[in-house]
Amino acid sequence: MTLRLAVPNKGRLSERSVQILKQSGLEIEDGSDRKLFAAIKNRDLEVMFLRAQDIVRFVHQGAVDLGITGRDLVLEAGMDVKTLIELNFGYCRLAIAAPENSGIDSIEDVKDGSVVATSFPNLTKKYFSKLGKKVEIATVSGAAEVTPHIGVSDLIVDLVSSGSTLKTNRLKEIGVIAESRALLIANRESLETKKEEIKEISAAIKSVSDAEDKKYLMADVPRKALDEIKSFLPGIAGPTVMSIMGREDVVAIHVVVDKDKVYDSVIRLKKLGATGILIVPIDRMVP
Ligand code: AMP
């Protein structure tokens, strides 16, 4: 049975999604960017290139078995799909923002009757009605940031990652509705009918996603420093320690390190007399 996987055809999630497939060892045949769908070499798997928004619906309906899309879009669509993996990219938040000089500094300052421009009308409506605030929603399909400045809205609800777009548009963040990242989602029925196939591909994708936050570190270290090194480089099952021919006092270590700990680890290793430190990326981590 052919498995169908949808990935975003453009936009912020597209490039990394295709890259993840490649890193998983799934080679897209004749993978030109403009294609609508492609086969995967030596696998009973088809990849569809669709808009991130549409992927939720197609997975829900079963037109495709699996999809990579944003958590924000799954929540907004409110459709029942199964989240298989929270992927390590596409991080952003659905935030509420007001013009810098509006005097609106927090959600409490939002008055009934305010107009909120957003391309997330469902989540926005739910959020404000939960707070008991009667706001008017102006649905836009993009560029919500400009609407307060042309008198169309008082506030906006939009996706933010660094916050620089808000700043450029003289807006300030006053609250967060939801946190988002890329997800691998599945159709519930496919999970029953294509259980094994889905298990295989999601394990492959997870191994890539898990490796994303890690680096592989190798170094020659003085044997006497091993205990201290283990305390700050625990690795998955402890660092691998190997002897170096003709050297009693020095050993080689190999260890998986969190990306954000690499910088400090190198400084500590150097202080302990380590040499020949190599840090390399990891494509996949299969437990
Ligand atoms: P697209 O409109 O095709 O670029 O895809 C937008 C999706 O990318 C959103 O629904 C989010 O899931 C994700 N995303 C990640 N970071 C951001 C961001 N800073 N702004 C907008 N979308 C983001």
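The values are calculated or read from the model by the stated rules, or taken from the named source; none is laboratory data. Source: prediction; values computed, not measured. We place every Cβ from the backbone using ideal geometry, glycine too, and count neighbours over all the protein chains shown. When the accessible area is computed, the model is the full protein with side chains, heavy atoms only, and any ligands, DNA or RNA have been set aside. Shrake-Rupley method; radii C 1.70, N 1.55, O 1.52, S 1.80 Å.
Considering only residues that are assigned to a loop (DSSP other than H, G, I, E, B) and touching a Ser or Thr at 6+ places or on another chain (Cβ under 7 Å), which ones fall in the stretch 108-157?
Let us first name the residues in the stretch 108-157 that are assigned to a loop (DSSP other than H, G, I, E, B), namely 110-114, 119-120, 131-135, 140-143, 151-154.
Answer for the stretch 108-157, where residues must be assigned to a loop (DSSP other than H, G, I, E, B) and touching a Ser or Thr at 6+ places or on another chain (Cβ under 7 Å): Ser119, Val135, Val140, Ser141, Gly142, Ser153, Asp154.
Here is a yes/no grid of residues against (1) away from the ligand (no atom under 13 Å from the Cβ); (2) under 26 Å from Glu86 (Cα atoms); (3) of a type outside the set (Asp, Glu):
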residue: Lys134; (1), (2), (3): yes, no, yes
residue: Val146; (1), (2), (3): yes, no, yes
residue: Ser180; (1), (2), (3): no, yes, yes
residue: Arg188; (1), (2), (3): yes, yes, yes
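For (1) more than 15 Å from the ligand (Cβ to nearest atom); (2) part of a loop (DSSP other than H, G, I, E, B), each residue gets a yes or a no:
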position: Ala38; (1), (2): yes, no
position: Glu46; (1), (2): yes, no
position: Phe49; (1), (2): no, no
position: Gln53; (1), (2): no, no
position: Ala63; (1), (2): yes, yes
position: Leu75; (1), (2): no, no
position: Asn88; (1), (2): no, yes
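From the list Ser161, Ser141, the one residue that fits, being under 30 Å from Lys214 (Cα atoms), within 14 Å of the ligand (Cβ to nearest atom) and hydroxyl-bearing (Ser, Thr, Tyr), is Ser161. Of all residues in the stretch 90-111, which are within 19 Å of Glu145 (Cβ to Cβ), among the charged types (D, E, K, R) and more than 15 Å from the ligand (Cβ to nearest atom)? Those that are within 19 Å of Glu145 (Cβ to Cβ), among the charged types (D, E, K, R) and more than 15 Å from the ligand (Cβ to nearest atom): Glu100, Asp105. Among the residues of the stretch 47-85, those identified as within 16 Å of Pro8 (Cα to Cα), open to solvent by 50 Å² or more (accessible area, probe 1.4 Å) and among the charged types (D, E, K, R) are Arg51, Arg57, Arg71.
Val241 passes every criterion in (1) aliphatic (A, V, I, L, M); (2) assigned to a strand (DSSP E or B); (3) over 26 Å from the mean Cα position of the chain (by Cα); (4) at pLDDT 95 or above apart from (4).
Condition first: closer than 21 Å to Leu87 by Cβ, among the hydrophobic types (A, V, I, L, M, F, W, C) and open to solvent by 50 Å² or more (accessible area, probe 1.4 Å). Can you find one or more residues in the stretch 236-252 that meet it? Yes.
Taking the stretch 1-13 as the range and being open to solvent by 20 Å² or more (accessible area, probe 1.4 Å) and near the ligand (Cβ under 8 Å from one of its atoms) as the test, the residues that pass are Lys10, Gly11, Arg12, Leu13. Restricting the first member to the stretch 167-178 and to residues that are within 15 Å of Asn101 (Cβ to Cβ) and at pLDDT 95 or above, and the second to residues that are polar (S, T, N, Q) and open to solvent by less than 60 Å² (accessible area, probe 1.4 Å), the beta-carbon pairs closer than 7 Å and six or more apart or on different chains are Ile174/Ser106. Do we find that Asp213 is of a type outside the set (A, V, I, L, M, F, W, C) and away from the ligand (no atom under 15 Å from the Cβ) in this structure? Yes: the conditions hold for Asp213. Residue count for the stretch 181-234, restricted to those that are within 21 Å of Gly273 (Cβ to Cβ) and part of a helix (DSSP H, G or I): 10.
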